[in-house]
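The values are calculated or read from the model by the stated rules, or taken from the named source; none is laboratory data. Everything numeric here is computed off the predicted structure, so don't read it as measured data. Using ideal geometry, Cβ is built from the backbone for each residue, glycine included, and neighbour counts are taken over all protein chains shown.
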Amino acid sequence: MGDAVLTQFFSGFSLVAILIIAALGLAVIFGVAGVINMAHGEFIMVGAYVASVVQSGLGGNTFWSIPICFVAVGLLGLVVERTVIRGLYDRPLETLLATWGVSLILIVIIKMIFGTELHYVGSPEMLQGGFPAPGNLPFPWYRLFLILLSILLLVLTFILFFRTKFGLAVRAVRRNRTMSEAMGINTARVDMLIFAYGSGLAGVAGAVLAPIKTVSPTMGFPYAVDSFMVLVMGGVGNLLGVPVGAAIIGEGETILAFLFNSVIGKLLVFLLIVLVIRIVPRGIFGYQERTLGHRR
Amino acid sequence: MSENILEITGLVTRVSGYTILDDLHFSVQENELRVLLGPNGAGKTTLIDMISGRYKPTGGKIHFRGRDITGLPPHKIFKRGICRKFQVPNMYETLRVFDNVMISLAGHRLVVQSLFHKHTAADHERVVEILEFIGLAGKAEYPADALSHGERQWLEMGMLIAADPKMLLLDEPTTGMTEADKQKTAGLIQRIAERHTVLLVEHDMHVVRRLARYVTVLHQGNILAEGSLEDVVANEQVRQVYLGQGKFGGA
Amino acid sequence: MTTASTGLGGARLRLRREPMFPLWSIAGVAAVVAILATYPLYGTEYVMNLLGMFVCFSIFALSISLIWGFAGILSLGQAIYFGMGAYFIALSLKLSYAAENPTRYGGTIPDYMEWNGLEEVPTIMAPLMHLEVAIVCLLFFPTLLAFIFGVITFKRHIYGVYCAVITLAEALILQEFIIEYQAYTGGFNGITDYETYNNMYFLWIILGVAVVLFGATRLLTHSRIGTVLKSVRDNDVRAEFNGYEVANYRIFVFCFASMMAAVAGGLYAAWMGIVSHLDTGPILSIEGVIWAAVGGRSTVIGPFVGTFLVKGAEFFLSQQLAWAWQLVMGLLFIFVVKFMPDGIIGTMGKSIANRRMRSAYAETGGAYGAETLSIADRLRAVFAGGNASFMDYLFGRDGRRG
């Protein structure tokens, strides 16, 4: 039993890594621009389809599709930001509804282009197979790759935010939008680029998800909800919130799903999240406001 | 001498390592109009926040009419008889001016009461009276967000008057007003102070001079000086703190 | 000090008093109810089915309007309560149907339970056989769940975006629960094949309930508590410092709306004869939000209008091309949010109110609202972007709202 749980613990790593990659984009967009992107799951889905095109059309593997998906979905995000989000920045609930509309449109477009049948994408040859790990099952190379990639993206995002001039502007906007505007920071441009970057991360998530999940037009939504839960749990005030939230939710769901079943697992994790926000309303690493309520 | 209505002992407030209020002892007497002065960052607004329950203090006690109100939520502190005005006028933007005041009338704060209470003609009269008092009767049916900045300040004060608390905390009620409006506001405050205890934070010396009987100067989270306006203005330390700000120039 | 002039020549201030139920609204409702109620006498059964369904959905949209438009709580899981109500009634009807109509294998339990290897109805579910018990459950349990949710979140000042996301996850989990535990819930296929109440008399009952609930909502939103709810929506901090325990008001309205949604769900189940996991999920929740938004989320009639328009268009369009409907839905979402946040009825109401105010204040010399712009100016403003909505430009108001 203990051994089996340990095995589950290791296999949970892939879900944790995927959640990090998926939620990172969402956290960046919500944390900086204050936009709730309900189409995030569909951005992941579009990324997965782009990956399938890269494989079947161009013969490239996941290593190729990661940068291509980043750019393609990032551009998609740019277009969505320019057309839909712009003008809604001070109304987070309304961005939520508008981006829900975007998600419906994306699903229709993908259905029109690719049809409703499932697509399969293979993983790169050098990442097939695995190596022995504690527990009974071998630890797949692909899982290790996901973990490394999630760490890499976290580090890159950290560098972008804390070691570049653009990052300084981003942090300034996050702390005080009006003041930043007065100081000559082009906040509209910061918002736009951040939205594109976050969307690009969703594209990367789609690219690495494609080989391990079936690709379908409706695959994105559960990932979006899980990513939201990561943010609620971890908080958006600090980049650390994403890996911590992802680790608790990913491992919790995997292990509890093994012990009971996946629905009970999800329910228990949900109850845990509710319990956590009951104690810290803005998430574990959230910026706990001293004031009453949450006014934007 | 009447009793102290508000009694603050050893109030400490720290926010992420910074001490904003440092072992503050402070009291206000019943039916007094107390003016709180101090340079920016002295902790005036923080003190108001602490009394009204916006934040919980790190240490110390706040007693109001003999009862401990430290760390109570705002609606409970309101129930004890304290109502505050915010530095930036804060109201119900989409409601009519009339409803803004009506909803602030004393009493009927529980859900059940709100559910079954029907506004009487007396309530209506009272609201009209207040609107005339603050000079907004002509705009009773405007939505609050159609008002100008000065009118918004008055409306919020009207809401406080409607609530009829024992003590009013007024945080810079004249910011952003013309000189004439400031004088009008000062008149309003004077009338309010006839029947209520008022703690007023104010920067404008013309207004202060018109209103102040007893003044407290805060500096770096503590009381620098207390006394009549003349004494305080004459105080060497106070002059030093304000030096360069020109606020007391010509006093 | 003299009090400032009232601008009305010292006359006692007289406010325009809006009656609780204006004559035109009573007449309008009566006309609509009469048309719907007599439709079965001359119309087709297919359209009658749709009409009953639309009215159920209208009540559901009204419940969303109440919490979102009037109290500022956006729940993306309102279908949880709709679905709970629907499942209670469907289960009840199914149990009594099964008891009287044995299955192929002679069992007197619902067919899906038999397929999933249950020998008898679980003891917890057995009392649901009586419709009265089911109705009591329908009124009690959704409200209880809403109460628990409200106490957990609103008491800790969790609302807005966080509330939306959490309710969304809640709906998703309930949906998965229903699919997973198919022996009890009918799983993916839902509960069907029971005696439905699909006739003119039940349509009258649905209409009656709808009229009562719409009236109750109007009473609620236009009395003191409605004003308090709107003030909480506008500025909860001010309300808190004004002595209102904001969380209690939120919990109250959330529970009331949830009960309303459950009632809508119960009627829906009895009318349609089928209930599935889709009736509890996030999709229906968000569709309800858009119905309310299209009609006007801060109005009582809006949800009714929105539901009939959107749902009606859906049935008309999806017969032509199924995918086109989704595309239209998506575009509608974006259009309403960006350009018409007050919805159809809300925008109409505001422009009427504005015109009335303008003429009322013209004589006192004060200008009301935004200055009048030329049409060219408005178009220029639209293409220049910005925060205000298209309708606001058209009607010359700035784009502020709560």
Region C:148-173: number of residues that are in a helix (DSSP H, G or I), under 15 Å from A:Leu231 (Cα atoms) and facing another protein chain (nearest Cβ under 9 Å): 7
Determine if region B:149-166 includes at least one residue that is among the hydrophobic types (A, V, I, L, M, F, W, C) and not in a helix (DSSP H, G or I). no
Consider only pairs whose beta carbons are under 7 Å apart and that are at least six residues apart or on different chains; among these, list those whose first residue lies in region B:187-211 and is farther than 25 Å from B:Asp49 by Cβ and whose second residue is of a type in the set (Gly, Ala, Ser). B:Arg210/B:Ala186
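Each row is one residue, and each column tells you yes or no for (1) modelled with pLDDT under 95; (2) more than 14 Å from every other protein chain (Cβ to nearest Cβ); (3) surrounded by fewer than 22 Cβ atoms within 10 Å (Cβ to Cβ); (4) under 19 Å from C:Met84 (Cα atoms).
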| residue | (1), (2), (3), (4) |
| --- | --- |
| C:Gln175 | yes, no, no, yes |
| C:Gln182 | yes, no, yes, yes |
| C:Asp193 | yes, yes, yes, yes |
| C:Val211 | no, yes, yes, no |
| C:Val246 | yes, no, no, no |
| C:Tyr268 | no, yes, no, yes |
Filter region B:132-148 down to residues that are assigned to a helix (DSSP H, G or I) and either β-branched (Val, Ile, Thr) or facing another protein chain (nearest Cβ under 7 Å) (or both) and give me whichever is surrounded by the most Cβ atoms within 10 Å (Cβ to Cβ). B:Ala137
Selected residue (only one of B:Leu115, B:Leu155, B:Leu147 is at pLDDT 90 or above and either out of contact with any Phe, Trp or Tyr (no Cβ under 7 Å at 6 or more places or on another chain) or of a type in the set (Lys, Arg) (or both)): B:Leu155
Residues of region A:106-150 satisfying the condition of being more than 21 Å from A:Trp64 (Cβ to Cβ) and part of a helix (DSSP H, G or I): A:Leu106, A:Ile107, A:Val108, A:Ile109, A:Lys111, A:Met112
Taking region C:273-302 and the residues there that are part of a loop (DSSP other than H, G, I, E, B) and of a type in the set (A, V, I, L, M, F, W, C), the one that is farthest from the other protein chains (Cβ to nearest Cβ) would be C:Ile301
Subset of region C:224-234 (residues that are free of Cβ contacts under 8 Å to residues at least 24 places away in the same chain and of a type outside the set (Val, Ile, Thr)): C:Arg224, C:Ser231
Does at least one position in region B:103-116 carry a residue that is within 22 Å of B:Ile192 (Cβ to Cβ) and in contact with an Asp or Glu (Cβ under 7 Å, 6 or more places away or on another chain)? yes
With the checklist (1) outside any loop (DSSP other than H, G, I, E, B); (2) at pLDDT 80 or above; (3) in contact with a helix residue (DSSP H, G or I) (Cβ under 9 Å, 6 or more places away or on another chain) in hand, flag the one item A:Ile185 doesn't pass. (1)
Subset of region B:75-101 that is in a helix (DSSP H, G or I) and facing another protein chain (nearest Cβ under 9 Å) - its residue that is farthest from B:Gly53 (Cα to Cα): B:Phe98
Provide a single number: the residues in region A:51-105 that are acidic (Asp, Glu) and either surrounded by fewer than 19 Cβ atoms within 10 Å (Cβ to Cβ) or touching a Phe, Trp or Tyr at 6+ places or on another chain (Cβ under 7 Å) (or both). 2
In the set C:Val337, C:Val305, the lone residue that is modelled with pLDDT of 85 or more, assigned to a helix (DSSP H, G or I) and at the interface with another protein chain (Cβ under 10 Å from one of its Cβ atoms) is C:Val337
